[in-house]
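Right, one structure below, let's go through it.
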Amino acid sequence: MHLVFDVNETLLDTAALDPLFMRWFGTEARRGEWFLILQETWMTANLVGRFAPFAELARSALRQLGAKHGVAITPADEQALVDGVLAMPAHADAVEALARLRQQGHTLTALTNSASEAAQHQLSQAGLAAYFDAILSVDRVARYKPAPEPYRAAAAHWAVAPEEMVMVAAHGWDLIGAQAVGMRTAFVARPGKAMDPALEQVPTWRGDDLRQLMAQVVAAG
């Protein structure tokens, strides 16, 4: 089975960034707000056709958040954020889930909006890189997920149809994008993440523990 995994929030725990946002804004809640601005920024980049590296967009989102709340963000703050993103740890269930899938002989692919070099670093320092057969970034197609090009590129990498792949993510927009090109989808409900329960086609599977979710997917074949 070809299994494709999102990285940030799905496999890596962005809660590790909370101390930075507490320092800058006095509340950890701003971390989620920053990530929403970041999503808006890359989707805007898709719409206007102006691709920029993920780190640049992450910095821009932090500056926008600072301007919104009247907090001066320095270049050192921006670098601290980028360094923090590169050092995020794996979620507690990630290693066991990936190791089991690897032992079962499935093909594992990471597909991330992070840049290629950053993605390799992120997964390596989190102890996850060795489980993957390929680590793919959207920078090869200069379009961010959920545009169709990254998902199609992942399928083309293995010379398979998208219908033969399962996209695993903690983001509804990611799974909707994958489903639109024909992939089956699995939603892991990380803290603070939810999908519209009225959606009938997306996701194919859902759960709040990656190990149990992957067991469902594998059992379905």
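The values are calculated or read from the model by the stated rules, or taken from the named source; none is laboratory data. Predicted, not measured: the structure shown is a model, and the values here were computed from it. All Cβ positions, glycine included, derive from the backbone under ideal geometry; neighbour counts span all protein chains shown. For accessibility, only protein heavy atoms count, side chains too; no ligands or nucleic acids. Shrake-Rupley method; radii C 1.70, N 1.55, O 1.52, S 1.80 Å.
Restricting the first member to the range 71-100 and to residues that are touching a residue at least 24 places away in the same chain (Cβ under 8 Å) and open to solvent by 40 Å² or more (accessible area, probe 1.4 Å), and the second to residues that are of a type in the set (Val, Ile, Thr) and part of a helix (DSSP H, G or I), the beta-carbon pairs closer than 9 Å and six or more apart or on different chains are 100/218. Screening the candidates 186, 220 for the property of being under 26 Å from residue 153 (Cα atoms) and modelled with pLDDT of 95 or more yields one hit, 186. Selection within the range 1-46: residues that are open to solvent by less than 50 Å² (accessible area, probe 1.4 Å) and β-branched (Val, Ile, Thr). The member of this set that is nearest to the chain's Cα centre (by Cα) is 7.
Taking residue 141, is it buried (at least 23 other Cβ atoms within 10 Å of the Cβ), at pLDDT 95 or above and at negative phi? Spelling it out, it is not the case that residue 141 is buried (at least 23 other Cβ atoms within 10 Å of the Cβ), at pLDDT 95 or above and at negative phi.
Of all helices (runs of 4 or more DSSP H) completely enclosed by the range 49-111, which ones contain at least 3 residues that are farther than 26 Å from residue 151 by Cβ? By residue number, 54-69, 75-86. Do we find a residue being hydrophobic (A, V, I, L, M, F, W, C), part of a helix (DSSP H, G or I) and under 27 Å from residue 89 (Cβ atoms) anywhere in the range 136-158? There is at least one residue in the range 136-158 that is hydrophobic (A, V, I, L, M, F, W, C), part of a helix (DSSP H, G or I) and under 27 Å from residue 89 (Cβ atoms). Considering only residues in the range 178-206 that are in contact with a strand residue (DSSP E or B) (Cβ under 9 Å, 6 or more places away or on another chain), hydrophobic (A, V, I, L, M, F, W, C) and not in a loop (DSSP other than H, G, I, E, B), the one that is surrounded by the fewest Cβ atoms within 10 Å (Cβ to Cβ) turns out to be 205. Per the listing 127, 177, the residue uniquely at pLDDT 95 or above, at positive phi and of a type outside the set (Ser, Thr, Tyr) is 127. Of the residues making up the range 10-25, those that are of a type outside the set (Ser, Thr, Tyr) and closer than 16 Å to residue 109 by Cα number 2. Restricting attention to the range 115-135, which residues are under 12 Å from residue 12 (Cα atoms), in a helix (DSSP H, G or I) and in contact (Cβ under 8 Å) with a residue 60 or more places away in the chain? 119, 122, 123 - these are the residues of the range 115-135 that are under 12 Å from residue 12 (Cα atoms), in a helix (DSSP H, G or I) and in contact (Cβ under 8 Å) with a residue 60 or more places away in the chain.
For the range 54-67, the set of residues classified as surrounded by 13 or more Cβ atoms within 10 Å (Cβ to Cβ) and not aromatic (Phe, Trp, Tyr) consists of 55, 56, 57, 58, 59, 60, 61, 62, 63, 64, 65, 66, listed by residue number.
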